[in-house]
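Have a look at the structure below, then the notes.
The values are calculated or read from the model by the stated rules, or taken from the named source; none is laboratory data. Only a predicted model underlies this, so the values are computations on that prediction, with no experimental measurement involved. With ideal geometry, Cβ positions are generated from the backbone for all residues, glycine too; neighbour counts draw on all protein chains shown.
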């Protein structure tokens, strides 16, 4: 069990009662944003959603805790299943102390007051709210944007795209599967739609999997990308033209896996697109 899941169980247990879905989401968010430990390494990341900060990963992993018998659903609340033994240890004392402190501070606060507190303190997370919006989403300046999702949780990744003013993702992986939750084509398309980011897949502009075998040196990568430019970009001129046109319509990002654009074919695709529409290439990144 991940430490972040143990923290969820810890907070619900410390509350001594079933904890509402909205409550637990906001407690977790405040643990990540208002405590010294920030919830510890690899804690949940959050994005603006219908009722402020939200985490798709958090809900998925709580679903696993329910499935495994640690938690039970009670309407719109979760409660601890008392007779199930939980994995012991693993939580750094400072993180556990912060989690307990969040519960003590907010457990008696009504949901509406909790929501108002979070909205006032963190207005960015209201940009998709169905209740009240205290900020608006930015719109990126024209450029050929690229990004790699390596190292990100999907919530933080989508939050970064929204903060960057991106409105459309063009997935240029040849085979859009991923071990990390949220980055498989079907899931990513659905999550993008949930936060009003358009998603399209261009598999024909990806690198065939077999070409990536045995890559070790910078010379190997240079040979791969030279082959990509000659074979793929030379063949898929219509797709490149379509991508170029889409880049001029609204802020659009070319997405693949690698964090380092220099080790990803998207850099060569972006350069080809930029030459067609006379825009600069900008790779997005940031703290994960």
- Message: Exactly one condition in (1) in a loop (DSSP other than H, G, I, E, B); (2) within 17 Å of residue 62 (Cα to Cα) is false for residue 27; which is it?
- Response: (1)
- Subset of the stretch 73-95 (residues that are surrounded by 13 or more Cβ atoms within 10 Å (Cβ to Cβ), in contact with a helix residue (DSSP H, G or I) (Cβ under 8 Å, 6 or more places away or on another chain) and modelled with pLDDT of 85 or more): 73, 77, 78, 79, 80, 91, 95
- Subset tally (residues that are in a loop (DSSP other than H, G, I, E, B) and under 21 Å from residue 138 (Cβ atoms)) for the stretch 236-288: 9
- Task: Tell me, yes or no, whether the stretch 6-23 has at least one residue that is without any contact (Cβ under 8 Å) to a residue 24 or more places away in the chain and assigned to a helix (DSSP H, G or I).
- Result: no
- Task: Of all residues in the stretch 122-138, count the ones that are without any contact (Cβ under 8 Å) to a residue 24 or more places away in the chain and either within 18 Å of the chain's Cα centre (by Cα) or not in a helix (DSSP H, G or I) (or both).
- Result: 5
- Task: Kindly indicate whether any position in the stretch 207-217 is in a loop (DSSP other than H, G, I, E, B) and within 23 Å of the chain's Cα centre (by Cα).
- Result: no
- State whether one or more residues within the stretch 192-206 are surrounded by 13 or more Cβ atoms within 10 Å (Cβ to Cβ), assigned to a loop (DSSP other than H, G, I, E, B), at pLDDT below 95 and not assigned by TED's automatic domain parsing to the domain that holds residue 61. yes
- Could you tell me whether residue 99 is over 23 Å from residue 194 (Cβ atoms), under 27 Å from the mean Cα position of the chain (by Cα) and in contact (Cβ under 8 Å) with a residue 12 or more places away in the chain? yes
- Hey, can you tell me all the residues within the stretch 162-197 that are in contact with a strand residue (DSSP E or B) (Cβ under 7 Å, 6 or more places away or on another chain) and either more than 22 Å from residue 243 (Cβ to Cβ) or touching a residue at least 40 places away in the same chain (Cβ under 8 Å) (or both)? 162, 166, 167, 168, 169, 170, 171, 172, 173, 195
- Restricting the stretch 1-17 to residues that are closer than 18 Å to residue 57 by Cα and in contact with a strand residue (DSSP E or B) (Cβ under 9 Å, 6 or more places away or on another chain), which is surrounded by the fewest Cβ atoms within 10 Å (Cβ to Cβ)? 9
